[in-house]
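Every number in this text was worked out from the coordinates using simple rules, so none of it is lab data. What you are looking at is a predicted structure, and each value in this text was computed from that prediction instead of being measured. Cβ placement follows ideal geometry from the backbone for every residue including glycine, while neighbour counts extend to all protein chains displayed.
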Amino acid sequence: MKKFTYTEKKDTRSGFGAGLLEAGKSNPNIVALCADLTGSLKMDAFEKAFPDRFFQCGIAEANMMGIAAGMTIGGKIPFTGTFANFSTGRVYDQIRQSIAYSGKNVKICASHAGLTLGEDGATHQILEDIGLMKMLPGMTVINPCDYNQTKAATIAIAKHIGPVYLRFGRPSWPIFIPENTPFEIGKALLLNEGSDVSIFATGHLVWKAIEAGMALADMGISAEIINIHTIKPLDEKAVIQSVSKTGCAITAEEHQINGGLGDSICQLLSRHLPSPVEMVGVKDTFGESGTPDALMTKYGLDSKNIVFAVEQVLQRKKELAG
């Protein structure tokens, strides 16, 4: 198992803020819209640098999406910013009708996703947003894993033509992707080669998958770890190639197992390479108030549960092999 270390923790929302500022410097058509959460979304640097290109929409998320859609007609590239719950669930109709249906070049940027929003509780901890967004025709869905990858993803989506949903989080998280690592939309990132099991992880769970991989190595189990930062379009070639080698898979995500990354992996494998799969994710329940670490542990989104899922899927693989 390749050794992974980190020297710093930083929230992925700060990666978005840094990426937005850099993208704004290189393209004067980029504009930013926020629903009264400029500080939380780390959009203040962009606002300070480009006050004429920043629009405070207030607590009116549906209106913000409509404004963003309209701006694209004049050649602007709008980045909208608010919490993931308000970026998707509250404004799904506006996204579907005004953005996705007509393929508007809007970048829907969503912070505070998943359980790691923490103490704000179930009403703010949306765990269905990936499913909501990936079902929209033409919508690209990206869920990066750390500060560096979020920054790179933000810059990359500015160059992509078409609607994008970019999801990131609130807590400080290990930075382990090297700075300036190329970010290619739709291209999975192989982190560790292995032969016994494929672990496909996204967002905050990528680091948990790495921790699990190191524990598995101590147990004599060789895990192939792949960072699926782009959930749609899914890197089908990378998934099939990996599972063709290992014969089984684990998916890990800070999202409902229904409609998320695991759902996409299982659909793909069922069509092309039927294989045992175990899914680590939230199992048909809402969240609750608590610290991010406590919630991740309670809902089974940690390295220990990934190791347990690997043991289960390896047993299934063994039974199928006879």
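Results, tabulated for the structure shown:
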{"item": "Dipole in debye (nearest 20) - the chain, about Cα centre, beta carbon charges: Lys, Arg +1; Asp, Glu -1", "result": "760 debye"}
{"item": "Distant-in-sequence amide H partners of residue 280 (H built 1.01 Å from N, under 5 Å)", "result": "251, 252, 253"}
{"item": "Long pairs among 3/159; 48/76; 3/134; 134/318, criterion Cα-Cα beyond 28 Å", "result": "3/159; 3/134; 134/318"}
{"item": "Footprinting exposure proxy for 279, 214, 135 (fewest neighbouring C-beta atoms within 10 Å first)", "result": "135, 214, 279"}
{"item": "Degrees separating the helix 236-246 axis from the principal Cα axis of the chain, which is the longest one", "result": "20 degrees"}
{"item": "Candidates per GluC sites (Glu not before Pro) in the range 131-227, loop by DSSP, up to 16 other Cβ within 10 Å", "result": "179, 184, 193"}
{"item": "Spin-label pair residue 49/residue 7, simplified geometry with 7 Å Cα→Cβ offset, distance in nm", "result": "2.4 nm"}
{"item": "Part-to-part distance (alpha-carbon centres) for the range 42-107 and the range 244-322, which is given in Å", "result": "33 Å"}
{"item": "Simple spin-label estimate for residue 241 and residue 286 in nanometres, 7 Å along Cα-Cβ", "result": "4.3 nm"}
{"item": "Under Karplus coefficients 6.51, -1.76 and 1.60, residue-wise ³J(HN,Hα) of the range 313-322 in Hz, glycine/proline x", "result": "6, 5, 5, 5, 4, 5, 5, 5, 6, x"}
{"item": "Proximal aspartates and glutamates relative to residue 208, as straight alpha-carbon distance under 17 Å, when same-chain residues fewer than 8 apart are discounted", "result": "8, 11, 146, 193, 218, 224, 253, 254, 278, 293, 302, 311"}
{"item": "Least to most buried among 147, 92, 6 (fewest other Cβ within 10 Å first)", "result": "6, 92, 147"}
{"item": "Of 302, 129, 120, the one that fluctuates the most in a GNM where the chain has Cα springs shorter than 10 Å", "result": "120"}
{"item": "Residue 93-residue 318 pseudo-label distance in nm [points 7 Å out on the Cα-to-Cβ vector]", "result": "5.4 nm"}
{"item": "Two-decimal ratio, the chain, of alpha-carbon radius of gyration to 2.2 N^0.38 Å", "result": "0.96"}
{"item": "Angle between the chain longest axis and helix 61-73 axis [Cα atoms, degrees, rounded to 10]", "result": "80 degrees"}
{"item": "The range 174-322: Cα Rg divided by the 2.2 N^0.38 Å rule of thumb", "result": "0.99"}
{"item": "Packing-based exposure ordering (other Cβ within 10 Å, fewest first) of 207, 173", "result": "207, 173"}
{"item": "Viscosity 1.306 mPa s, 10 °C: Kirkwood-radius Stokes-Einstein D of the range 1-76 over Cα pairs, µm²/s", "result": "115 µm²/s"}
{"item": "Long-range HN-HN contacts of residue 30 with modeled amide H, under 5 Å", "result": "77"}
{"item": "Computed over the range 140-243, Kirkwood Rh from alpha-carbon pairs, angstrom", "result": "14.1 Å"}
{"item": "The range 144-189 - Rg (one decimal) and Dmax (whole number), Cα, Å", "result": "10.8, 31"}
{"item": "Contour minus Cα-Cα distance for residue 184 and residue 122 (0.36 nm per residue)", "result": "19.0 nm"}
{"item": "Debye equation applied to the C-alpha atoms of the range 1-133, log10 I(q)/I(0) at 0.12, 0.18, 0.20, 0.21 Å⁻¹", "result": "-0.48, -0.99, -1.17, -1.26"}
{"item": "Fraction of antiparallel bridges per DSSP, the range 189-321 only, in percent to nearest 5", "result": "20 percent"}
{"item": "FRET efficiency, residue 101 to residue 172 (Cβ-Cβ, R0 41 Å, nearest 0.05)", "result": "0.60"}
{"item": "Antiparallel content of DSSP bridges confined to the chain, in %, to 5", "result": "20 percent"}
